[in-house]
Amino acid sequence: MELSEHSNVILLKEIAELLNEETDMERMLTGAIRKLLDGSNFETAWIFFIDGEGKHRLMAQANLPSALKEDDCRHLQKGGCWCVKRYHDGDLEKASNIIACQRIENSIAEKTGDHGNITHHATVPLQSGTERFGLLNIAAPDRERFSTDELALLESVAFQIGSAIKRIGLTKQEQELALVTERNRLARDLHDSVNQLLFSVTLTARGGVEMSEEPAIRETFSDIQHLTQEALNEMRALIWQLRPKGLESGLLEGIKGYAEMLGLELETKVNGVIQLPSRIEETLFRIAQEALNNIRKHAGTDRGQLFLSVTQTDVLLVLKDEGRGFVMDEKLYIPSIGMLSMKERAKSEGGTVEWSSAMDKGTEILVRIPY
């Protein structure tokens, strides 16, 4: 049954209102395709984001049959297919009927669930101007082809979704820029006020040591000088974390610069070309900062080794020291706030952090993040 033009106009208006109101990417995409299914003859839908190398990621899905939902949408998550390949090759420019779908065929062949009589799907690229993001796929039971009007509706919805993806991306960039600006302002304030005050206290305490003749007073001034110097070092490290100097020259230079600021000697080895998205670089930098802080504070050594390996699918960072180490008993051991922070940072990018340590055997931290 074909939907009337009036019904399509109402549906597109409702989808546009939803897209304009939502700011969370996954909720926005899921809400849009659910609204599309509710107001059309399509019965299931899913969205792929596709990067420049043709690697796809399932971003949203609605009303999938059990065969496609099986094992966390395994058939949609893994492997290749005709529509993603044509998209990556630049051959898919408008809504099209897909004659055969390798993912659906595999799910049917394995007989792991009910495929709901879905054997084919239509696809349309998601884009805004010349910027492309991925694919919107739709299907319905016992349908091998969709009409020209249905494909036109699909293109209109894809245009709306592409524009919304662009809007959310620009908003996120503005938020990140505002965050960097605030970090820089706070770093300047700390440097110009608290940092200078601590430096003044250090000089005053040193003068007290030199001018006093009483041993007890000299010792007190010496303690004050030592504690203030420690606080000054902590403040400089904090300023570095707020505004990392050297990161603009690359991830490796940023980490080496931070190690030098802490007074650590860091041996480095790199495998592969370091060309990572900025968010991945900052995540790795923040994790390395925390790991280097732990070496300075707890390892009892001023030397470390950094290994950085970049492959086509992920980046691996290993930071080792030969210090005093610690006991890794999962039943007794409670992670520090810093270690929890490292795990959360890696997890936010779909990655992992693992530790290997033993008393007097040093510590090794392994970070793996896909990109």
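Take the residues in segment 121-141 that are assigned to a loop (DSSP other than H, G, I, E, B) and at pLDDT below 90; name whichever of them is most open to solvent (accessible area, probe 1.4 Å).
Residues of segment 121-141 assigned to a loop (DSSP other than H, G, I, E, B): 129-130, 140-141.
Filter once more, keeping what is at pLDDT below 90: 129-130.
On the way: 129: 68, 130: 141 Å².
Step by step, filter segment 121-141, then rank; the result is 130.
Restricting attention to segment 224-252, which residues are small (Gly, Ala, Ser) and at pLDDT below 75?
First pass over segment 224-252, keeping only residues small (Gly, Ala, Ser): 231, 237, 246, 249-250.
Once the filter is applied, which keeps residues that are small (Gly, Ala, Ser) and at pLDDT below 75, segment 224-252 yields 237, 246, 249.
As a summary of the residue check, residue 130 satisfies the conditions (1) under 26 Å from residue 163 (Cβ atoms); (2) over 32 Å from the mean Cα position of the chain (by Cα) except for the one numbered (2). Every condition in (1) modelled with pLDDT of 85 or more; (2) open to solvent by 70 Å² or more (accessible area, probe 1.4 Å) holds for residue 359 except the one numbered (1). Residue-level check: of (1) in contact (Cβ under 8 Å) with a residue 60 or more places away in the chain; (2) of a type in the set (Val, Ile, Thr); (3) over 20 Å from residue 151 (Cβ atoms), residue 130 misses just (1).
Tallying residues that are under 12 Å from residue 227 (Cα atoms) and open to solvent by less than 40 Å² (accessible area, probe 1.4 Å) within segment 198-214 yields 3.
Among residues of segment 71-95 that are closer than 11 Å to residue 107 by Cβ and at pLDDT 85 or above, those with a Cβ under 7 angstrom from a residue that is hydroxyl-bearing (Ser, Thr, Tyr) and in a helix (DSSP H, G or I), sequence gap 6+ or separate chain, pair up as 75/107.
Kindly provide the set of residues from segment 341-367 that are assigned to a strand (DSSP E or B), touching a residue at least 40 places away in the same chain (Cβ under 8 Å) and farther than 12 Å from residue 320 by Cα, ordered by number.
Here is the first cut: in segment 341-367, the residues assigned to a strand (DSSP E or B) are 352-357, 363-367.
Checking the rest, the ones that are also touching a residue at least 40 places away in the same chain (Cβ under 8 Å) come to 353, 363-367.
If the condition is that a residue be assigned to a strand (DSSP E or B), touching a residue at least 40 places away in the same chain (Cβ under 8 Å) and farther than 12 Å from residue 320 by Cα, then 353 is the only one that fits.
Residues in segment 7-26 that are of a type in the set (A, V, I, L, M, F, W, C), open to solvent by less than 50 Å² (accessible area, probe 1.4 Å) and closer than 16 Å to residue 150 by Cβ: 11, 12, 15.
Checking each residue in segment 324-348 for being open to solvent by less than 60 Å² (accessible area, probe 1.4 Å), more than 21 Å from residue 301 (Cβ to Cβ) and at pLDDT below 90 picks out 329, 335, 341. The criterion of at least 2 residues that are aromatic (Phe, Trp, Tyr) is met, among strands (runs of 3 or more DSSP E) falling completely within segment 1-102, by 44-50.
Residues that are over 23 Å from residue 141 (Cα atoms) and surrounded by 19 or more Cβ atoms within 10 Å (Cβ to Cβ): does segment 67-80 have at least one? Looking for residues that are over 23 Å from residue 141 (Cα atoms) and surrounded by 19 or more Cβ atoms within 10 Å (Cβ to Cβ), one finds none in segment 67-80, hence no. Is it the case that some residue within segment 217-232 is open to solvent by less than 70 Å² (accessible area, probe 1.4 Å) and touching a Gly at 6+ places or on another chain (Cβ under 6 Å)? Yes; the residues of segment 217-232 include at least one that is open to solvent by less than 70 Å² (accessible area, probe 1.4 Å) and touching a Gly at 6+ places or on another chain (Cβ under 6 Å). The single condition among (1) surrounded by 16 or more Cβ atoms within 10 Å (Cβ to Cβ); (2) under 27 Å from residue 312 (Cβ atoms); (3) free of Cβ contacts under 8 Å to residues at least 40 places away in the same chain that residue 50 does not satisfy is (3). With the structure loaded, tell me whether residue 113 is in contact with a Gly (Cβ under 9 Å, 6 or more places away or on another chain) and open to solvent by less than 80 Å² (accessible area, probe 1.4 Å) or whether it fails that test. No, not satisfied. Checking segment 18-35 against the condition returns no match, with no residue being farther than 23 Å from residue 167 by Cβ and in contact with a helix residue (DSSP H, G or I) (Cβ under 8 Å, 6 or more places away or on another chain).
The values are calculated or read from the model by the stated rules, or taken from the named source; none is laboratory data. Predicted, not measured: the structure shown is a model, and the values here were computed from it. Glycine gets a Cβ as well: all are built from the backbone with ideal geometry, and neighbour counts include every protein chain shown. Surface areas here come from the heavy atoms of the whole protein model, side chains and all, with no ligands, DNA or RNA. Shrake-Rupley method; radii C 1.70, N 1.55, O 1.52, S 1.80 Å.
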